[in-house]
1. Which entries in LYS125/LYS310; LYS180/LYS310; LYS256/LYS368; LYS310/LYS394; LYS55/LYS301 show an alpha-carbon gap greater than 26 Å?
2. Report, in whole Å, the centroid distance computed from the Cα atoms of segment 206-229 and segment 19-69.
3. Which of the aspartates and glutamates could a cross-linker bridge to LYS142, judged by Cα under 20 Å and excluding same-chain residues fewer than eight apart?
4. Taking amide H atoms as placed 1.01 Å from N in the peptide plane, list the residues 5 or more away in sequence, or in a different chain, whose amide H sits under 5 Å from that of SER108.
5. For segment 203-312, which GluC sites (Glu not before Pro) pass both filters: DSSP loop (anything but H, G, I, E, B) and at most 16 other C-beta atoms within 10 Å?
6. Fewest Cβ neighbours within 10 Å first, please rank PHE195, PHE346 accordingly.
7. Which value in deg cm²/dmol, rounded to the nearest 500, describes the helix-derived mean residue ellipticity at 222 nm for the chain, given -39,500 (n - 2.57) per DSSP H run of n ≥ 4 and division by the residue count?
8. Please report LEU26, LEU66 as a ranked list, fewest other C-beta atoms within 10 angstrom at the top and most at the bottom.
Amino acid sequence: MADWHKITGGITAPRGYQAAGITAGLKPSLLPDLALIFSEVEAIASGVFTTSQVKAACVEYCRQRLQAKHSARAILCNAGQANAATGTQGYLDTLESGMAIAQALNISSESVLLASTGVIGQRIKMDALRSGIPKVVAALSKTGSDAAAGAIITTDLVTKSIALETTISDRPVRIGGIAKGSGMIHPNMATMLAFVTCDAVVSPHLWQQMLARAADRSFNSITVDGDTSTNDSLIALANGQSRTPAITEWGAEAEKLEAMLTAVCQHLAKAIARDGEGATCLIEVEVTGAHDQLSARQIAKTIAGSSLVKSAIFGRDPNWGRIAAAAGRAGIPFEQENLQIQLGDFLMLENGQPLQFDRAAASTYLKKAAGGAYLQEDTVLISVNVGNGHGSGKAWGCDLSYDYVRINAEYTT
């Protein structure tokens, strides 16, 4: 039983946060495209970013900021231009963005973190950004989470947000989050962005460790298309406004906080996979019996990311051979005679031996999942056991449809 419960409010549910999202004219569609998250006090800040060798200017900026100072008060995100592979001028644009929002908020530029999403190779439309900054500051609100969530999306069909609450030292502690991502999702920490707010009091090194582990169990365990973005960023703030005792070492309270942080990240990660470009269902792969958790997650992510598995699920074809093939090429040793594969309630392979199963009923199971898009019923469950080890892990993905090619073939045209 989870030691927390869901609440409303997204990133503004934790105490001491405001958010806003406006239309600044950065996107040609004239949809919301500029988001701001603001902590009323200085907050402990941590981040996990793309490992791509081609990094957006905002990623380099945030890494430098967080190395120099483990706190922040504001996160500004523009949508429309990724500002990646834009050279020296792109980085200067990022510096100007940070200084402009700091001046508008009357805070130090060292307390500003930045994120961008959109077309790679395009600089931020600085005239639109400059005029938009006073507007987004004026729009800040304690109920502004939904507006911010809507202003960071690009090809997403739905916004992604969550807020959870638990009790630490008899006081409520909350974590909220928003995310965006639909294509170019195969994070190594797509275009994927996630922002998390928390009102607990926690030391910087613990908060960074918690975030890194939560990322491995969530955003680093999803895949849509096998492409890692230049802009992948997960940024988390903890401002201490819950007035709980400081969490400075590992113990029951730290474990409870990390578990809730992981739950927030997993909810957002699954929402991204569920909203994969052209997707009709979410795929959840659970692997058990591996040597350790890392091995299990590697096998699970390989299966979830297999184009052949994804295509079969879109075609409602219960072709378990593709699952077996993906597990076998994951780079994790296991004995073939121990392999077991199950699709939903349909056991298809046991002890390395094929089993008879109702193919029509299994196909119907896949069809029902496709009919539940954006609902909890839209999940295709794949269970794989590879041995007698104690390692288990999950990964999430989506099916691969005709629309994925159409969306990405026309992305800039």
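1. Details: LYS125/LYS310 37 Å; LYS180/LYS310 21 Å; LYS256/LYS368 36 Å; LYS310/LYS394 16 Å; LYS55/LYS301 23 Å.
From LYS125/LYS310; LYS180/LYS310; LYS256/LYS368; LYS310/LYS394; LYS55/LYS301, over 26 Å: LYS125/LYS310; LYS256/LYS368.
2. After rounding, the separation between the Cα centres reads 17 Å.
3. ASP33, GLU40, GLU42, GLU165, ASP199
4. Result for SER108 returns nothing.
5. Working: sites: GLU249, GLU253, GLU255, GLU258, GLU277, GLU284, GLU286; in loops: GLU249, GLU277.
Here the GluC sites (Glu not before Pro) that fit, given the DSSP loop and packing criteria, are GLU249.
6. Numbers: PHE195 29, PHE346 16.
The fewest-first ordering by Cβ neighbours comes to PHE346, PHE195.
7. Details: 11 runs with 137 residues, N = 413.
Rounded to the nearest 500, it is -10500 deg cm²/dmol.
8. On the way: LEU26 24, LEU66 19.
Lowest to highest Cβ neighbour count: LEU66, LEU26.
Computed from the coordinates by the stated procedures, all read-outs in this text should not be read as laboratory data. Just so it is clear, the model here is predicted, and its values are computed rather than measured. Here Cβ is always computed from backbone atoms with ideal geometry, including for glycine, and neighbour counts include all displayed protein chains.
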